[in-house]
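Since the structure comes first, as structure tokens, the remarks are kept for the end.
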Amino acid sequence: MKIISLFFTASLLVVILSSFLSCSKDKVPNYIDPNCIDTVSFNATVLPIMQQNCISCHGVGNSTGYVFSNHTNISNQSNAIIGAMQNQGFQLMPIGGPQLPDSTIQAIKCWIAQGKLNN
């Protein structure tokens with residue numbers, strides 16, 4: 001009986017401590033990328049990048065499976081977009097290269113880090 005009581009007490013202590021620690025973890029501020037000083041505008045920065053470099057192959061009605069014509073589609077596929085722009089886990093895009101400038105990729109990465117705002 002003492003073993004069961006001890007086990008129950010230890011289990012309860014673990015639950016209480018894990019709950020406490022998870023709450024304090026939520027209070028830790030988000031990491032801010034030092035390269036993302038200014039808020040990146042979707043309409044002024046991200047959408048024009050996509051229109052200039054991606055929309056010719058990834059527009060409405062294409063057969064690639066990716067459509068980058070609006071905020072929702074771009075936001076939902078942002079990890080694939082960055083992966084393709086950096087040739088990490090995806091084919092390098094734009095197809096045939098060359099890789100987009102680092103500043104262009106950084107702008108997209110900042111927009112993602114800032115919450116993929118529709119601004």
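The values are calculated or read from the model by the stated rules, or taken from the named source; none is laboratory data. On a predicted model such as this, the values are computed, not experimentally measured, just so you know. Ideal geometry is used to build each Cβ from the backbone, glycine not excepted, and the neighbour counts take in all protein chains shown.
The residues on offer are Ile55, Ile49, Ile82, Ile74, and the sole one that is farther than 16 Å from Pro101 by Cα, among the hydrophobic types (A, V, I, L, M, F, W, C) and not in a loop (DSSP other than H, G, I, E, B) is Ile74.
In a helix (DSSP H, G or I) and either farther than 29 Å from Ile105 by Cα or at pLDDT 85 or above (or both): does that describe Ile37? Write out each step before concluding.
Details: in a helix (DSSP H, G or I): no; either farther than 29 Å from Ile105 by Cα or at pLDDT 85 or above (or both): yes.
It is false that Ile37 is in a helix (DSSP H, G or I) and either farther than 29 Å from Ile105 by Cα or at pLDDT 85 or above (or both).
Annotation for the range 86-104: no member residue is among the small types (Gly, Ala, Ser) and surrounded by 15 or more Cβ atoms within 10 Å (Cβ to Cβ).
Considering the range 51-78, and only residues there that are small (Gly, Ala, Ser) and more than 20 Å from the chain's Cα centre (by Cα), the residue that is nearest to Leu117 (Cα to Cα) turns out to be Gly59.
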